[in-house]
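Scroll down for the structure; my scribbles are underneath it.
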């Protein structure tokens, strides 16, 4: 699986959009970008994933650059409950050990009142 | 059940003691995974079951770690002769197949003193 690079920490004001970047310059053509988050004392929670098109669900939006070397997770209106560590993970969807998730250290997002 | 349930939530063990950590996956989930999360790090893969078959145990750090899922539902992670470096949160996840419906439990925090 391709390696990802994320900032160690970010701050965001409550009610504003939180934009979390991720670099994955070695991503290959069949690898997806997944985002998970981990709130304190809980297990990781799936947020969203995408291949090359932008994706949106009830939790967030995922913007993937045209060259697929980077992506941004957007929380449109951050709340205090969005304070968590956010992990960007790149992996294939089939074959090999596709059941494994390889987590880095992620980005600690702190939403401030 | 509605989610992945792990017990106990917290465990304190004296060095050298054996421990057993339990995971109840989501009903009907074929795949089950164990991860280890050290303080300040992302989760790291330990082992994977498909039904009762342990298909991948490449992440188990030593032969003191043993996992089983005898009837294809509940799983137990056993650590023999615990050491201080075993102190971590142990996370269990289950999925329908591959990454489909991949859901984590809240983990067991093991502290070896």
> Somewhere in segment B:26-40, is a residue away from every other protein chain (no Cβ under 14 Å), under 11 Å from the mean Cα position of the chain (by Cα) and part of a strand (DSSP E or B)?
Replying inline: no
> Is segment B:52-64 home to any residue that is outside any loop (DSSP other than H, G, I, E, B), touching a strand residue (DSSP E or B) at 6+ places or on another chain (Cβ under 6 Å) and surrounded by 20 or more Cβ atoms within 10 Å (Cβ to Cβ)?
Replying inline: no
> Among (1) at pLDDT 95 or above; (2) in a loop (DSSP other than H, G, I, E, B), where does residue A:2 come up short?
Replying inline: (1)
>> Regarding segment B:89-105, can at least one residue be identified that is surrounded by fewer than 14 Cβ atoms within 10 Å (Cβ to Cβ), without any contact (Cβ under 8 Å) to a residue 60 or more places away in the chain and at positive phi?
In response: no
> How many residues does segment B:70-97 hold that are at pLDDT 95 or above, within 14 Å of chain A (Cβ to nearest Cβ) and either over 10 Å from the mean Cα position of the chain (by Cα) or under 11 Å from residue B:31 (Cα atoms) (or both)?
Replying inline: 4
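May I ask you to list the residues in segment A:30-42 that are surrounded by 16 or more Cβ atoms within 10 Å (Cβ to Cβ), closer than 20 Å to residue A:110 by Cβ and out of contact with any helix residue (DSSP H, G or I) (no Cβ under 9 Å at 6 or more places or on another chain)? Reasoning before the result, please.
Step one: of segment A:30-42, the residues surrounded by 16 or more Cβ atoms within 10 Å (Cβ to Cβ) are A:31-38.
So of that shortlist, the ones also closer than 20 Å to residue A:110 by Cβ come out as A:35-38.
Residues satisfying the conditions are A:35, A:36, A:38.
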> In this structure, is residue A:27 at pLDDT 95 or above and more than 12 Å from every other protein chain (Cβ to nearest Cβ)?
Replying inline: no
> Here are A:81, A:68: which of them is away from chain B (no Cβ under 12 Å), surrounded by 13 or more Cβ atoms within 10 Å (Cβ to Cβ), more than 10 Å from the chain's Cα centre (by Cα) and not in a strand (DSSP E or B)?
Replying inline: A:68
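The values are calculated or read from the model by the stated rules, or taken from the named source; none is laboratory data. Predicted model only: the values in this text are computed from it and were never measured. We place every Cβ from the backbone using ideal geometry, glycine too, and count neighbours over all the protein chains shown.
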